[in-house]
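The values are calculated or read from the model by the stated rules, or taken from the named source; none is laboratory data. From a predicted model like this one, the values you see are computed outputs, not experimental measurements. Keep in mind that these areas ignore ligands, DNA and RNA; they rest on the heavy atoms of the full protein, side chains included. Shrake-Rupley method; radii C 1.70, N 1.55, O 1.52, S 1.80 Å.
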Amino acid sequence: MVLRWEMPRVPRSAVIDAWNELNTAEDEPLAIAVARFRAAQPILAGFLQAAEERLAERDDRGLVFFYGLWAWLAFRKCGGASHEVTEERIEEAWEQNQEEVEALAAADERRWLHQARGLTREYPQMALLGAMTESLMDPGLTDRPRSDDMSGLILLHLKTAIDALDD
(Lines give C-alpha, C1' and ligand atoms only; values in the text may rest on other atoms or scores of the structure.)
Protein backbone atom coordinates (compact mmCIF):
# COMPACT_ATOMS: atom_id res chain seq x y z
CA MET A 1 0.00 0.00 0.00
CA VAL A 2 1.34 3.41 -1.01
CA LEU A 3 0.55 6.28 1.28
CA ARG A 4 0.10 9.56 -0.51
CA TRP A 5 0.43 12.91 1.18
CA GLU A 6 -2.45 15.09 0.17
CA MET A 7 -2.14 18.82 -0.15
CA PRO A 8 -4.67 20.63 2.00
CA ARG A 9 -7.00 23.07 0.35
CA VAL A 10 -5.41 26.42 -0.38
CA PRO A 11 -7.46 28.78 1.78
CA ARG A 12 -8.97 31.94 0.38
CA SER A 13 -6.66 33.94 2.65
CA ALA A 14 -3.57 32.46 0.91
CA VAL A 15 -5.11 33.17 -2.50
CA ILE A 16 -5.72 36.80 -1.55
CA ASP A 17 -2.31 37.21 0.12
CA ALA A 18 -0.55 35.86 -2.97
CA TRP A 19 -2.60 38.11 -5.27
CA ASN A 20 -1.85 41.18 -3.17
CA GLU A 21 1.83 40.34 -2.97
CA LEU A 22 2.13 40.01 -6.73
CA ASN A 23 0.05 43.07 -7.52
CA THR A 24 1.72 45.43 -5.06
CA ALA A 25 5.27 44.30 -5.75
CA GLU A 26 7.70 46.64 -7.40
CA ASP A 27 9.46 45.39 -10.53
CA GLU A 28 12.50 44.01 -8.69
CA PRO A 29 10.59 41.91 -6.09
CA LEU A 30 8.30 40.63 -8.85
CA ALA A 31 11.33 39.63 -10.93
CA ILE A 32 12.71 37.80 -7.89
CA ALA A 33 9.40 35.94 -7.44
CA VAL A 34 9.46 34.93 -11.12
CA ALA A 35 13.08 33.73 -10.81
CA ARG A 36 12.22 31.69 -7.70
CA PHE A 37 9.22 30.16 -9.46
CA ARG A 38 11.30 29.25 -12.52
CA ALA A 39 14.00 27.70 -10.28
CA ALA A 40 11.54 25.74 -8.13
CA GLN A 41 9.22 24.68 -10.97
CA PRO A 42 11.14 24.73 -14.26
CA ILE A 43 8.88 22.23 -16.03
CA LEU A 44 5.67 23.93 -14.91
CA ALA A 45 7.10 27.34 -15.84
CA GLY A 46 7.95 25.93 -19.28
CA PHE A 47 4.42 24.53 -19.67
CA LEU A 48 2.92 27.92 -18.81
CA GLN A 49 5.32 29.78 -21.10
CA ALA A 50 4.47 27.44 -23.99
CA ALA A 51 0.75 27.90 -23.30
CA GLU A 52 1.30 31.64 -23.26
CA GLU A 53 2.93 31.56 -26.68
CA ARG A 54 0.16 29.39 -28.16
CA LEU A 55 -2.82 31.16 -26.63
CA ALA A 56 -2.21 34.74 -25.75
CA GLU A 57 -3.11 37.67 -27.89
CA ARG A 58 -0.90 40.71 -27.58
CA ASP A 59 -3.30 42.27 -25.03
CA ASP A 60 -3.05 39.20 -22.80
CA ARG A 61 0.70 38.55 -22.94
CA GLY A 62 1.96 37.41 -19.59
CA LEU A 63 -1.47 36.53 -18.19
CA VAL A 64 -1.13 32.73 -18.21
CA PHE A 65 2.35 32.78 -16.72
CA PHE A 66 1.36 35.41 -14.12
CA TYR A 67 -1.63 33.34 -13.00
CA GLY A 68 0.58 30.25 -12.78
CA LEU A 69 2.95 32.25 -10.57
CA TRP A 70 -0.06 33.28 -8.49
CA ALA A 71 -1.10 29.63 -8.05
CA TRP A 72 2.41 28.57 -7.02
CA LEU A 73 2.73 31.42 -4.54
CA ALA A 74 -0.70 30.66 -3.01
CA PHE A 75 0.32 27.02 -2.54
CA ARG A 76 3.63 28.08 -0.99
CA LYS A 77 1.84 30.37 1.47
CA CYS A 78 0.13 27.35 3.03
CA GLY A 79 3.04 24.91 2.91
CA GLY A 80 2.37 23.35 -0.50
CA ALA A 81 4.14 23.09 -3.84
CA SER A 82 7.25 21.69 -2.18
CA HIS A 83 7.67 19.07 -4.90
CA GLU A 84 8.87 19.76 -8.41
CA VAL A 85 6.09 19.23 -10.95
CA THR A 86 6.99 16.66 -13.60
CA GLU A 87 5.99 16.44 -17.25
CA GLU A 88 4.10 13.25 -16.42
CA ARG A 89 2.04 15.03 -13.76
CA ILE A 90 1.21 17.86 -16.15
CA GLU A 91 0.18 15.37 -18.86
CA GLU A 92 -1.97 13.44 -16.38
CA ALA A 93 -3.70 16.60 -15.17
CA TRP A 94 -4.15 17.86 -18.74
CA GLU A 95 -5.77 14.61 -19.87
CA GLN A 96 -8.10 14.52 -16.87
CA ASN A 97 -9.14 18.13 -17.43
CA GLN A 98 -9.75 17.54 -21.14
CA GLU A 99 -11.98 14.58 -20.26
CA GLU A 100 -13.97 16.81 -17.91
CA VAL A 101 -14.34 19.48 -20.61
CA GLU A 102 -15.45 16.85 -23.14
CA ALA A 103 -17.99 15.46 -20.66
CA LEU A 104 -19.40 18.94 -20.13
CA ALA A 105 -19.55 19.57 -23.87
CA ALA A 106 -21.44 16.31 -24.38
CA ALA A 107 -23.88 16.94 -21.53
CA ASP A 108 -27.51 17.59 -22.26
CA GLU A 109 -28.15 21.33 -22.14
CA ARG A 110 -30.70 20.91 -19.35
CA ARG A 111 -28.20 18.97 -17.21
CA TRP A 112 -25.10 21.02 -18.00
CA LEU A 113 -25.22 23.23 -14.91
CA HIS A 114 -25.85 20.23 -12.65
CA GLN A 115 -22.88 18.39 -14.18
CA ALA A 116 -20.64 21.47 -13.92
CA ARG A 117 -21.55 21.87 -10.26
CA GLY A 118 -20.72 18.20 -9.71
CA LEU A 119 -17.22 18.75 -11.08
CA THR A 120 -16.55 21.74 -8.85
CA ARG A 121 -18.42 20.73 -5.70
CA GLU A 122 -15.62 18.55 -4.37
CA TYR A 123 -12.74 20.24 -6.17
CA PRO A 124 -10.13 20.77 -3.43
CA GLN A 125 -8.64 23.99 -4.81
CA MET A 126 -11.86 25.82 -5.68
CA ALA A 127 -10.85 29.00 -3.79
CA LEU A 128 -7.86 29.37 -6.11
CA LEU A 129 -9.59 28.32 -9.33
CA GLY A 130 -12.63 30.44 -8.49
CA ALA A 131 -10.51 33.52 -7.84
CA MET A 132 -8.66 33.02 -11.11
CA THR A 133 -11.89 32.54 -13.03
CA GLU A 134 -13.40 35.65 -11.49
CA SER A 135 -10.27 37.67 -12.19
CA LEU A 136 -10.04 36.46 -15.79
CA MET A 137 -13.68 37.21 -16.50
CA ASP A 138 -13.60 40.61 -14.72
CA PRO A 139 -14.15 43.37 -17.26
CA GLY A 140 -12.10 45.72 -15.10
CA LEU A 141 -8.89 43.96 -16.13
CA THR A 142 -9.27 44.51 -19.85
CA ASP A 143 -12.23 46.91 -20.06
CA ARG A 144 -14.28 44.14 -21.66
CA PRO A 145 -15.78 41.00 -20.16
CA ARG A 146 -14.10 37.74 -21.11
CA SER A 147 -16.34 34.80 -21.85
CA ASP A 148 -14.86 33.60 -25.10
CA ASP A 149 -13.23 30.31 -26.08
CA MET A 150 -9.82 31.83 -25.34
CA SER A 151 -10.83 32.30 -21.71
CA GLY A 152 -11.84 28.65 -21.55
CA LEU A 153 -8.48 27.56 -22.95
CA ILE A 154 -6.64 29.81 -20.52
CA LEU A 155 -8.61 28.32 -17.62
CA LEU A 156 -7.91 24.80 -18.87
CA HIS A 157 -4.18 25.52 -18.72
CA LEU A 158 -4.46 27.19 -15.32
CA LYS A 159 -6.49 24.33 -13.82
CA THR A 160 -3.87 21.94 -15.16
CA ALA A 161 -1.17 23.96 -13.39
CA ILE A 162 -3.18 23.99 -10.14
CA ASP A 163 -3.80 20.25 -10.35
CA ALA A 164 -0.11 19.57 -11.04
CA LEU A 165 0.86 21.63 -7.98
CA ASP A 166 -1.80 19.92 -5.87
CA ASP A 167 -0.10 16.56 -5.55
Provide Asp108, Asp166, Asp27 ordered by accessible surface of protein heavy atoms (probe 1.4 Å), highest first.
Asp27, Asp108, Asp166
How large is the accessible surface of Ile43 in square angstrom, using a 1.4 angstrom probe and rounding to the nearest 10?
60
For Met150, solvent-accessible area (1.4 Å; no DNA, RNA or ligand), Å²:
40
